[in-house]
Amino acid sequence: MADEMRLQKFLALCGCASRRAAENLITDGRVCVNGVPVTTLGTKIDPEADFVTVDQKPVTKPEEKVYIMLNKPAGYVTTAKDNFNRQTVLDLIPDSLGRLYPVGRLDYDTQGLLLLTNDGELTNRLTHPRHQVNKTYLALVAGFPSNEDIEALQKGVMIDGKKTQPAKVIIVGKTENATKLSITIHEGRNRQVRKMCAAIGHATISLTRIAEGPIKLGDLALGSWRHLTEDEVRKLGGTTHADH
């Protein structure tokens, strides 16, 4: 059985009215619970089991918002279904979370931070180009890009006939035959980081997204997921329990 809730709070949560206005609806006799008019403030209901109406119209509780981050491994597609029967990112999360949708995409062979939610408004805000949400990647590229190469990436390079917007690029490490770059962009063009590196003559060996906006991947294990904290949800502009 779900937790009981005061009737006026339930009405406010469902968007019928503010808490104060909901109290007026109750005292005016316009609210029924299981077909019986309720005029007593403070009456408690079970939101999962009781049938509530206002002016004979059913009141339904909005779907609870879910926000998670996944550390996507390479070899998974960022779609709900795949025509080639490849594994999708939804195979990595339990059905009990309900129907979630990826926020944007990560390429099949790219790993790292992927947000999933049922909050369509937030998804649109994070993926629409005009909002310019920063995304940071660690790219291991073959060889050793010169200072001129790094500067070119920062200023913008031509890919698919169009110049990329300015990026933040830092060399964070080197191995015997490769360089690790931190690349921050706010565009979301197809395979953009790989194409940017190819444009300066350095093939991408591996690519991991480590941050999106204010959200950082941290030490979340590859293939694992976790709920975003209320603070993280608030920073993204989502809806937390405290907002109800």
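The values are calculated or read from the model by the stated rules, or taken from the named source; none is laboratory data. Computed from a predicted model, the values in this text were never measured in an experiment. Counting neighbours? That spans all protein chains shown, and the Cβs are built from the backbone with ideal geometry, glycine included. Just so you know, the surface numbers come from the protein's heavy atoms only, side chains and all, with ligands and any DNA or RNA stripped out. Shrake-Rupley method; radii C 1.70, N 1.55, O 1.52, S 1.80 Å.
Toward the positive end of the charge dipole of the chain, about the Cα centre and with charges on Cβ (Lys, Arg +1; Asp, Glu -1), which of Leu11, Leu97, Ala211 goes farthest?
Checked the options; the winner is Ala211.
Would you mind checking which residues have amide H under 5 Å from Val52's amide H? H placed 1.01 Å from N; only 5 or more apart, or other chain.
Asn34, Val59
Tell me the relative contact order for region 75-207 as a rounded percent, counting alpha carbon contacts under 8 Å between residues six or more apart. Intermediate values should be presented prior to the final figure.
Working: 208 pairs, mean separation 30.8, N = 133.
Across region 75-207, relative contact order equals 23 percent.
Over the Cα atoms of region 1-133, what is the Rg over Rh ratio if Rh follows Kirkwood?
Working: Rg = 20.7 Å, Rh = 17.7 Å.
Using Cα coordinates only, the ratio equals 1.17.
Within 10 Å, at most 13 other Cβ atoms, and a DSSP state outside H, G, I, E, B define an exposed site. Report the longest part of the chain free of exposed trypsin sites (Lys or Arg not before Pro).
100-244
Using a probe radius of 1.4 Å on heavy atoms only, what accessible surface per residue do you get for region 5-123? Whole Å² is fine.
Spelled out: the 1.4 Å probe surface of region 5-123, per residue, equals 54 Å².
Looking at region 33-128, which GluC sites (Glu not before Pro) are in a loop (DSSP not H, G, I, E or B) and have at most 15 other Cβ atoms within 10 Å?
Here the GluC sites (Glu not before Pro) that fit, given the DSSP loop and packing criteria, are Glu48, Glu63, Glu64.
How many angstrom lie between the C-alpha centres of region 20-73 and region 199-241?
A separation of 35 Å, based on Cα centres.
Taking the Cα centre as origin and putting +1 on Lys and Arg beta-carbons and -1 on Asp and Glu beta-carbons, what dipole magnitude results for region 28-136, to the nearest 20 debye?
For region 28-136, the charge dipole is close to 380 debye.
Remind me, relative contact order of region 1-110 in percent, using alpha carbon pairs under 8 angstrom and six or more residues apart?
21
Which of the following values of volume of the Cα convex hull per residue in Å³ was calculated from the structure shown: (i) 142; (ii) 131; (iii) 163?
Checking each listed value against the structure points to (iii).
Any idea what the alpha-carbon Rg over 2.2 N^0.38 Å comes to for region 155-233?
Ratio of Rg to 2.2 N^0.38 Å for region 155-233: 1.28.
Counting other Cβ atoms within 10 Å, keep those with at most 13, restrict to DSSP loop, and tell me which chymotrypsin sites (Phe, Trp or Tyr not before Pro) in region 10-83 are left.
On the way: sites: Phe10, Phe51, Tyr67, Tyr76; in loops: Phe51, Tyr76.
Those that pass, being in a loop and sparsely packed, are Phe51.
How much net charge surrounds Ala49 when only other residues with a Cβ under 13 Å from its Cβ are counted (Lys, Arg +1; Asp, Glu -1)?
That sum, taken over residues with Cβ under 13 Å, equals -3.
Which whole-number percentage describes the relative contact order of the chain, with Cα contacts under 8 Å and a sequence gap of 6 or more?
19
So, counting K/R as plus one and D/E as minus one, what does the shell of residues with Cβ under 12 Å around Arg30 add up to?
-2
To the nearest 20 debye, what charge dipole does the chain have about its Cα centre, counting +1 at the Cβ of each Lys and Arg and -1 at the Cβ of each Asp and Glu?
About 780 debye.
Run through the DSSP bridge list for the chain and note the antiparallel percent, rounded to the nearest 5.
Taking every DSSP beta bridge with both residues in the chain, the antiparallel ones total about 95 percent.
Once the piece of chain linking Arg30 and Tyr108 is laid out straight, how much longer is it, given 0.36 nm per residue of separation minus the C-alpha distance between them?
Net length gain for the segment: 22.7 nm.
Quick check: the distance between the Cα centres of region 166-182 and region 127-162, to the nearest angstrom?
So the two Cα centres are separated by 11 Å.
If you add up the charges near Asp109, with Lys and Arg at +1 and Asp and Glu at -1, over every other residue whose beta carbon is less than 10 angstrom from its beta carbon, what do you get?
+1
Take Asp160 and Asn83, extend 7 Å from each Cα along the Cα→Cβ direction, and tell me the distance between the two endpoints in nm.
Placing both labels 7 Å beyond Cα along the Cβ direction yields 1.7 nm.
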